[in-house]
């Protein structure tokens, strides 16, 4: 059943909403192939279709339906050099490191190791050089962390500005989709005709993660980027797609045209390598005066592109703008997959040759 | 049918959503009584129940059902010293001044005259002294303007801070209910599973109106309050209730306790006079760590109180907090009604004695 | 603190959504007064405000906030002759009967005893005579059951037709609000931009309960009413208010006018006794050609009235119509409260005198 | 710019929601190519991107952006033998026939000619033989009509039953998405936290169109199928996807297994011809006990497949089931496109050779 030339991968916590996204995105992937799926003790031993309450718009891939769920331990995924973790943080806290210890490269969506000094916190288009941190890890394998779903959209939109002008201060208010809370997640009784002006732990992540992601990598580790962020996070009745209202103070003055230009022209290593999941343009500048909007723009380039719009001057800082990105694709499973593709292309998967890019 | 001791009032533009709120709130009002309703040419001459697409949760008041809609001209409301305007701005631009010219006191919800130097832009609990501007108007009657629906919640929450500590800079992102756009307003196809990160003209209002409202009144007019505001406005799929995410820089340092104290203790002339529509406490400080929320808190004190919560320090300015208020009650018809009550209590309705307050 | 003349009552399962509605509706009740609240072991001993995730639009009554939650056993509510049960069915299965055994009158919203032959399944306006079944129960106290939330709206709308013309066959499709599933209930991820065409167990209840409710009471018990019902139940993204699309075959032919007349004129014992929670008119016939609608009409008469509309002929049976009622007020806590008032007025609460009705 | 081998087509009323779907679905179509777009007088002469408020999830096709909108008259689309009409009924009433008169084949989504005796009312998989009616039309060109969006899902699900067992009586309650009402369509203020239990004209269409669609075609025209339908139609807050709750009485008794079998095995001419827009399986039988659901299943096979589920016996008729289909793809533009492909494959487009099917 297995294609010899593909890299066998495991998905940890494969039945939850992020796990399902991994399964859907890995279906027919040119490099990777799902060889093992794991779940919590409650679902262990069941067929995937029995245990997963499948809630994706695409049908459950046929070859996964009868796959038996294994325990979330390294022995269960022995033949998989690459492991995607969709575990929730509580499980990830103690379950992920053993996989790295056992020689697997773990690309994780959980927050557990994000701020560990030797774990790269990465967005493929933003700080690919941080992969170098893997060499400083003490495990035979390694861990790469995907940032928080709202951080990802933010740093994607900011990267060209950081690179061209510097960014000093940032005010961001998020309007986040309910899919980010998983299943059961937010009760409909809490959010219909309503919004919730707090997401536990989220503001802290938005205020801290960009400092590490934009940090300078050297042999001594990551030197944090000197940016001050004030974040307010809201849950709104939108299914998918996080919207951020951003005000930004630049390191040096720049005109609207300069900003639009660096956004439009931004391409990264991920684009140059033609990684399978990389969007052609990581940032789409929209012209509609009330764009971007989550339902209209979350699916651009298969949900892997961030969109920006409404650039205008800010009476307090320099500029205001709006950015939208798909929280469970770009902001979770898709972003992690792209990180794994980058690691593969750079020979960072233990014992695996670099796949041929087209 | 008419109660001799009540003041006959007219509602201009009585069939729209704000007009309907006026009708609902004026039902059984202790001082005022709806004596005339007007509408656009299309509805003129029809019975109210025929022309109004009634969308309030309370039934249409029986005595209004068969009321015939009149043209929106002063002659049609001759016996009404007090006139509420629920006209949209395009109509209000040229239709309101003739009523003031004809001797009526117009309390308007439209934006047309808000920034006129001699028109008071008022929230009853915030700047009651601005009523004095009426004396500088050249009309035999007068015009008092209700601020924009999102401004009202903002200045209510800020007033105690302005008074106690001063406020210098303000960053505000609004998440506004769809009822604010009236009927037909926002198409469901635009907003279901979505949000719209722009409300035409709204950011400008939030950035300018507080300067006038908090301004110092003297014989020479209003001296604007020196506050810098950056606003970003979003329409979200919530029926009623605007939520504001606010960051504020105070004039002098204050502790969280001091802020909570001035919020909790704030009372104004409107409360002291026991005006019929005045909330007992204009500001409710909520303790829930994810409060306030529009569906849960918009109806506090009949929709006339603003609620605040989530006070915490801000990495950029001094403090962050969240405030919610009912946009079509406190932010429109209810706020205007309270202004009229204040004007009546202070003898500002032409030819009308001051009503007895309890 | 206690008013001597009021009847002390207990609420079992007081922290859930139906329990909260009981607490809200009992606040300032003229006859009853909450003397005890119980909860599951997890919340036992906590203050009510700590344990309840309060989600009502009205604030939590002050006197309940610090009330300590007791275990759900008869000893904990010794002084309360009347007990409201908001337990879920799994708990109610074994927890309710001991209260009846201990001498309490239990008015329950749970389904556990609904189809017990000697337990009256009642809607106050529909089958008040079934109270007589209490005398056949073997407990010193007793149990009265409130029907399923969607059944209540259905039988209210049907009662005048059953009485005047008879009803033989019924086709009903429900569009039910999410509040009916409680908290956490339906995940927002399942229902936003979606609907769920199944509610476990609901169709069976709609197909069976009307037969008992409309049944003839005699000493031998309830003889089921010969009605055939086909039900299809859907969960839709509406907060409160169940909508039913009904097709009905009458026992004898009747004109639209006759039907409208019996609906409009329907009054019951509950209205004649002026029970505190009884709506003045249990059924409101609406004229709007797209009425009733849940958001507009669920709150009629404090949520205690059912509304009907769109009566028209049916190509298969005799007539089609639409009915809306508030599922957690009329369909749950409010309906149960009205049953308790009826029982009190008829001297059915053990050891308690009949309250004076106005 | 034009591909010589493709058939040039025009889209009438190209800027509305159905028009936009036509544009999106015709992008990269293997047989057809958009050569002309028309609009109402208000938009005539403008570029498409200026006039269309694009609300599709896929970006506006690049080659359409600058296309100038023409008037909706035959002279404006002279080179297009095939014309898709997305006009609303009021415009279609008088604008479509002139195109047929001028020699074009018009495939229309409007209701104007649906019940004309010589106009085929067709679903490609249901009654392809009705194409024969074209020969009886008096125009040099012709008109083919797409049924109402909710009818299409219904007759797709019923076709295998009609064919295998016959269907005599039908009870259907629809829960219809808001996109069916177009833009601006349903106001968000009307439908958020609500539903509307009436769609003007919709019940009549559901009760009459199936009789024509399932009718027997002969030289004398269509002999209506003897089926009695009772329909109740509701608008619910769902973006796309109509859900129907159906009860059906069969012509002869059949077991659940027989029904599931004819549903699963159903294929039509459209599948055998491998028409570009034809789904591989027009009907998907879902196993989930609360399936189908609009958000999860509307997009099956690009939105062209209907899904069915919850087959169970009905206490009044024979069986109950639920069906979901995408109302603006399968139920509008996609269905019309498939009809045009069928007409092309059968040589019914005036002056155009039959395209090669793969």
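Read the figures in this text as sums done on the coordinates, not as results from a lab. Owing to the predicted nature of the structure, the values given are computational and were not obtained by experimental measurement. Please note: Cβ atoms are built from the backbone with ideal geometry, for glycine as well, and neighbour counts cover all protein chains shown.
Numbers below:
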read-out: Helix C:17-26 axis, angle to chain C major axis (alpha carbon atoms, nearest 10°); value: 80
read-out: The range D:149-327: relative contact order in percent, alpha carbon pairs under 8 Å with at least 6 residues between; value: 28
read-out: Antiparallel DSSP beta bridges within the protein assembly as shown, as percent of all bridges there, nearest 5; value: 45
read-out: Dmax and Rg, reported as Rg then Dmax, of the range B:223-340 (C-alpha, Å); value: 14.9, 42
read-out: Rounded Å value of the spacing that divides the Cα centres of the range D:150-169 and the range D:201-240; value: 10
read-out: Candidates A:201, A:302, A:335, ranked by Gaussian network fluctuation over chain A, Cα under 10 Å, top entry; value: A:201
read-out: Antiparallel %, DSSP beta bridges [both residues in the range C:149-327], to 5; value: 70
read-out: Neighbour-count ranking [beta-carbon atoms within 10 angstrom, fewest first] of C:159, C:348; value: C:348, C:159
read-out: Chain A: most fluctuating residue of A:178, A:55, A:222 per GNM, C-alpha cutoff 10 Å; value: A:55
read-out: Per-residue [θ]222 nm for chain B (sum of -39500 (n - 2.57) over DSSP H runs n ≥ 4, rounded to 500); value: -7000 deg cm²/dmol
read-out: Two-site label geometry, residue D:163 and residue B:265: point separation in nm, points 7 Å out along Cα→Cβ; value: 8.2
read-out: Chain C: angle of helix C:89-101 to the longest principal axis, Cα-based, in degrees nearest 10; value: 60
read-out: Rough spin-label spacing in nm, given labels placed 7 Å along Cα→Cβ, for residue D:46 and residue D:76; value: 1.3
read-out: Angle in degrees between helix C:256-265 and the longest Cα principal axis of chain C, rounded to the nearest 10; value: 20
read-out: Volume per residue of the C-alpha convex hull in the range D:149-327, rounded to whole Å³; value: 134
read-out: Computed over the range A:1-92, Cα set: Rg, Dmax in Å; value: 12.0, 35
read-out: Ellipsoid equivalent to the range B:97-249 - semi-axes via the Cα gyration tensor, in Å; value: 28, 21, 11
read-out: Fraction of alpha-carbon pairs over 27 Å apart in chain C - percent; value: 43
read-out: Whole-angstrom Cα spans of the protein assembly as shown along principal axes, big to small; value: 83, 80, 72
read-out: Relative contact order, percent, chain B [alpha-carbon distance under 8 Å, six or more residues apart]; value: 17
read-out: Relative frequency of Cα-Cα separations exceeding 23 Å in the range D:90-178, percent; value: 32
read-out: Other copies of residue D:98: label-to-label distances in nm, shortest first, labels 7 Å along the beta-carbon direction; value: 4.1, 7.7, 8.3
read-out: Distance between the range D:45-103 and the range C:123-139 - C-alpha centres, whole angstrom; value: 67
read-out: Highest-MSF residue in chain C out of C:273, C:121, C:156 [GNM, Cα springs under 10 Å]; value: C:273
read-out: Alpha-carbon Rg with Dmax, taken over the range A:297-352, Å; value: 16.2, 54
read-out: Förster radius 35 Å - calculated FRET efficiency between residue A:5 and residue A:280 (Cβ-Cβ, nearest 0.05); value: 0.85
read-out: At 7 Å out from Cα toward Cβ: residue B:258 inter-copy label distances (nm, ascending); value: 3.9, 7.8, 8.4
read-out: Chain B residue with Cβ closest to the axis mapping B onto A, distance in whole Å; value: B:173, 2
read-out: At 0.890 mPa s and 25 °C, Stokes D of the range B:14-163 from Kirkwood alpha-carbon radius, µm² per second; value: 151
read-out: Estimated inter-spin distance, residue C:216 and residue B:135, nm [label 7 Å along Cα→Cβ]; value: 8.3
read-out: For residue D:71, inter-copy label distances in nm, listed shortest first [label point 7 Å out on the Cα-Cβ vector]; value: 3.7, 7.9, 8.7
